[in-house]
Amino acid sequence: MTMTVSPDTQMPGHRLGRPMLLDQLLRHKGGAFGLAIMLLFIFLAAFGRFVAPYDPNANDYVSLLSSPSASHWFGTDELGRDTLSRVIDGSRIAVAVAFLSVSIAMAVGVVIGVVSGYFGGYVDAVLNRSQDVLFAFPTLLLAIILVAVLGPGLFNASLAIAIVYSPRFARMARASALSIKSSEFLDAARLAGVSTPVILIRHILPNVLPPVIVLAALSMSTAQLAYASLSFLGLGVSPPQADWGSMLSKGRDFITIAPWLVIWPTVALVLLMLAFNVLGDAIRDVLDPNHSSIGKNPDTLL
C-alpha cells in the first residue's frame, strides 16, 4: 500500500503570497517607510548617474571645499567634486554590498543549517563546530583579516562579510530544521518514498525561509555598516569611485572647516540602515503571528 502526501499534510508555515505580503507591508507604517526608503536608494543605485547633477569624479579646482549653495546643494570636497553627486553615486556600492553579501551569506548559511539540522549526528557536529569557529572571532576583525587575505575591492569585501555573516543564518536555519524534522507531514513524506533531497527542498526549506528572510532584512543594515567600516579603513573600492565609507575617511581631515563632507554620507548611511531595520521588523510582524501587531494596535496601520 502506498501513501500519498497531500498539500494539507505540509506544515502550516508562513505561506503568504507575494501580493498579500506586499499589501501587509504597505499597511504597516514601518514597512511602508522602510520599503519607500529602500526603493529610493535602489532607484539612485540604478539611475544615479542620470540623476546626479554633476559627474561624481569630476574635479573643479575653482570650487574647492565650497559650502552648500544653489550650485552645489551638499557642497564640494577637497578636490572640488560635488558631494551630492558622490553621495548618490555611492548608493550604488551601498546597495550592491548589502544585497550581495547577505544573499551569499543566506545561501551558504541556509544550506549548512538545513543539512546540519536534518541529518544531525556527526554531520551536525562537524558543521556546527565549523560555524562556532567563525563565531569566535569579532565580526569586524574577521572581516578585516579576510579582506587582507583576499585583497581590497567590492566583491572581496562583500565575500568577506558574507563569510562572517553566514553562521547566523546557519544557526537560524538549523534551529528551524530541528523543530520540524520530526513533524507528521515529514513522516508521511518519508513513508511515501519521497527522496531526501526533495524533502529538504520542497518540505523543509519553505518552512525555514520566513525567519531567515527576516534575519536577512535585518542583517543588511549591519552588513552595510561593516562594509562602510572596511571602506573607512581603505579596504573597499578603489578611488576615485564614490563610497560612503571612504568619503567619511577623507572628510574627517576637514571636519572643522567642511563638516558637510561627513554629514551627508552619514545621513545616507543612517537612512539606509534604518530602512533595512524597520523593513525587517515589519516583515517579522507580517510573517510571525506571535509578534504581529497588525490588527492589535491601530497605530501600526496607515
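The values are calculated or read from the model by the stated rules, or taken from the named source; none is laboratory data. The structure displayed is predicted, hence computed values, not measured ones. Note: ideal-geometry Cβ built from the backbone for every residue, glycine included; neighbour counts use all protein chains shown. When the accessible area is computed, the model is the full protein with side chains, heavy atoms only, and any ligands, DNA or RNA have been set aside. Shrake-Rupley method; radii C 1.70, N 1.55, O 1.52, S 1.80 Å.
When the Gaussian network model of the chain links Cα atoms closer than 10 Å, the mean-square fluctuations of Leu25, Leu40, Leu209 top out at Leu40. Averaging 1/r across all pairs of distinct Cα atoms in the range 91-168 and inverting the result yields a Kirkwood radius of 13.1 Å.
Remind me, relative contact order of the range 152-263 in percent, using alpha carbon pairs under 8 angstrom and six or more residues apart?
Taking the mean separation of contacting Cα pairs over the length of the range 152-263, I get 30 percent.
Calculated [222 nm] ellipticity per residue, helices only, for the chain: -22500 deg cm²/dmol; basis is -39500 (n - 2.57) per DSSP H run with n ≥ 4, divided by all residues, nearest 500. Each residue was assigned an accessible area with a 1.4 Å probe, and for Thr256 the value is about 130 Å².
I need the calculated FRET efficiency for the pair Tyr61 and Ser238, taking r as the beta carbon distance and R₀ as 30 Å, to the nearest 0.05. Before the final figure, lay out the partial values.
Working: r = 22 Å, r/R0 = 0.74.
My answer for the efficiency is 0.85.
Computed over every Cα-Cα pair of the chain and binned at 10 Å starting from 0, the pair-distance distribution P(r) comes out as 6, 23, 27, 23, 13, 6, 2, 0, 0 percent. A simple spin-label model places the labels of Ala175 and Ser69 5.5 nm from each other, with each point 7 Å out along Cα-to-Cβ. When exposed loop sites are taken as trypsin sites (Lys or Arg not before Pro) in a DSSP loop with at most 16 other Cβ atoms within 10 Å, the longest stretch of the chain clear of them is 16-295.
With all protein chains present and a 1.4 Å probe, how do Trp73, Trp260 order by accessible area, largest first? Could the numbers behind the result be given before it?
Working: Trp73 170, Trp260 30 Å².
Output order, biggest surface exposure first: Trp73, Trp260.
Counting only protein heavy atoms and using a 1.4 Å probe, the accessible area of Val95 comes to about 20 Å². Given their separation in residues at 0.36 nm each and the Cα-Cα distance between them, Leu79 and Phe47 gain 9.1 nm when the chain is fully extended.
Taking R0 as 25 Å, what's the FRET efficiency between Phe119 and Ala192 from their Cβ-Cβ distance, rounded to 0.05? Don't jump to the answer; show the numbers that get you there.
On the way: r = 20 Å, r/R0 = 0.79.
Rounded to the nearest 0.05, the efficiency is 0.80.
Taking Asp253, Asp281, Asp124 as the candidate residues, the one with maximal mean-square fluctuation in a Gaussian network model of the chain, Cα springs under 10 Å, is Asp253.
Among Phe137, Phe254, the order of accessible area from largest down is Phe137, Phe254, computed with a 1.4 Å probe on protein heavy atoms.
Heavy-atom accessible area per residue, the chain, 1.4 Å probe: how many Å²?
Value returned for the chain: 49 Å² of accessible area per residue.
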